[in-house]
1. Checking the conditions here, which among Leu129, Leu216 is aliphatic (A, V, I, L, M), surrounded by 22 or more Cβ atoms within 10 Å (Cβ to Cβ) and either touching a helix residue (DSSP H, G or I) at 6+ places or on another chain (Cβ under 8 Å) or not in a strand (DSSP E or B) (or both)?
2. For region 181-213, which residues satisfy the criterion of being aliphatic (A, V, I, L, M) and either surrounded by fewer than 23 Cβ atoms within 10 Å (Cβ to Cβ) or out of contact with any strand residue (DSSP E or B) (no Cβ under 7 Å at 6 or more places or on another chain) (or both)?
3. Quick check on my filter: what residues within region 238-294 are within 29 Å of Gly15 (Cα to Cα) and either β-branched (Val, Ile, Thr) or part of a helix (DSSP H, G or I) (or both)?
4. Looking at Pro276, Pro291, Pro187, can you tell me which residue is on the phi < 0 side of the Ramachandran plot and touching a Leu at 6+ places or on another chain (Cβ under 6 Å)?
5. Among the listed residues Val254, Val270, Val288, identify the single one that is within 26 Å of Leu87 (Cβ to Cβ), assigned by TED's automatic domain parsing to the domain that holds Ala140 and of a type in the set (A, V, I, L, M).
6. For the subset of region 245-294 comprising residues that are more than 22 Å from the chain's Cα centre (by Cα) and farther than 19 Å from Asp174 by Cα, which member is surrounded by the fewest Cβ atoms within 10 Å (Cβ to Cβ)?
Amino acid sequence: MHRQVLPVVINCEGGTAAGLGDSLGDTIRNAFALTGQAIDVKLVKAKDLDQAVTATRSPVIAVGGGDGTLASAAARLAGEGRCLAVLPLGTRNHFARDIGLDGTLEQAAQVAAHGRCDMVDVGYAGERLFLNNASLGLYARMVEDRDRRHLPKWLATLPAALRVVVWPRTRRLDLDIDGTRRRVKTPLLFIGNNLYSLEKGHIGQRATLQDGQLSLFAVAQRGGPGLLLAAWRIMRGKVDRRADFAAIESAREVIAYRHGSHHIALDGEVIELEFPLTFRIAPGGLKVMLPAIA
């Protein structure tokens with residue numbers, strides 16, 4: 001499906017994009033060279049992304065960056081009914097993987113030019129859209145600690161993760177899960193857009209983004225050594241659901257009750273939101289370019 005000119009907006013500050021430096025623009029143009037698709041590339045800073053996405057009225061726009069960048073663009077495009085083409089230029093690129101992209105720019109360019117525009121689900125925490133997940137507790141603390149270290153993300157993650165696991169903080173939460181009230185004590189509440197696997201070989205992956213369900217995982221209350229042991233089991237695909245989790249559910253809506261405002265991680269970006277906070281799924285809430293069906 002060729003368009004006259006495909007707008008391509010790249011966040012040049014994060015992940016893989018930042019590492020490409022001055023070669024970033026040429027790398028993008030080379031990836032599209034074999035697609036036959038004319039493109040208009042704009043390299044922008046993170047703070048200018050929303051303006052750049054808004055400035056183009058094309059029905060399809062390609063956006064390059066990590067999951068936080070893509071979520072920011074998706075929040076704008078979802079409300080306008082336009083289609084997002086994903087260029088994986090972040091550190092982990094979870095959303096790109098789960099929509100069937102293999103992590104290469106060449107494949108992503110082919111999908112942007114010749115793929116199919118289809119509907120996928122998105123999650124919301126209050127009014128804030130997320131593509132992958134939202135979490136309260138350990139992960140948000142880890143991201144804040146990591147970002148304070150002024151080191152490359154990959155290098156800062158390990159000491160930040162060790163610090164928050166060794167000194168965990170347990171939170172008492174009242175949850176309304178599709179109308180059923182439940183109280184949990186947990187150091188980490190994780191809400192995923194669609195169903196996240198705990199099976200060996202597929203940990204942290206989603207088979208689809210079109211199930212219309214949220215995942216809910218509340219990690220069981222325990223000290224640092226117990227959390228490390230649970231994390232080790234989970235990474236090896238040997239989850240003990242009763243011992244490792246205070247709650248595992250799927251739902252269309254979850255309301256978390258606490259007083260005041262709290263830090264929440266949305267697709268790896270930490271923001272402060274007021275509680276009680278409603279997490280909900282929006283089935284078919286975003287148009288995305290997906291690989292063509294063979």
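The values are calculated or read from the model by the stated rules, or taken from the named source; none is laboratory data. Here the structure is a predicted model, which means the values were calculated and not measured. Backbone-built Cβ (ideal geometry, glycine too); neighbour counts: all protein chains shown.
1. Numbers: Leu216 fails: either touching a helix residue (DSSP H, G or I) at 6+ places or on another chain (Cβ under 8 Å) or not in a strand (DSSP E or B) (or both).
Within the list Leu129, Leu216, the selection yields Leu129.
2. If we filter region 181-213 for residues that are aliphatic (A, V, I, L, M), which is where we start, we get 184, 188-189, 191, 195, 198, 203, 207, 209.
The answer is Val184, Leu195, Leu198, Ile203, Ala207.
3. Passing the criteria: Ile264, Val270, Ile271, Ile281, Val288.
4. Numbers: Pro276 fails: touching a Leu at 6+ places or on another chain (Cβ under 6 Å); Pro291 fails: touching a Leu at 6+ places or on another chain (Cβ under 6 Å).
Just a single option satisfies the conditions, and that option is Pro187.
5. Details: Val254 fails: within 26 Å of Leu87 (Cβ to Cβ); Val288 fails: assigned by TED's automatic domain parsing to the domain that holds Ala140.
Within the list Val254, Val270, Val288, the selection yields Val270.
6. Ala294
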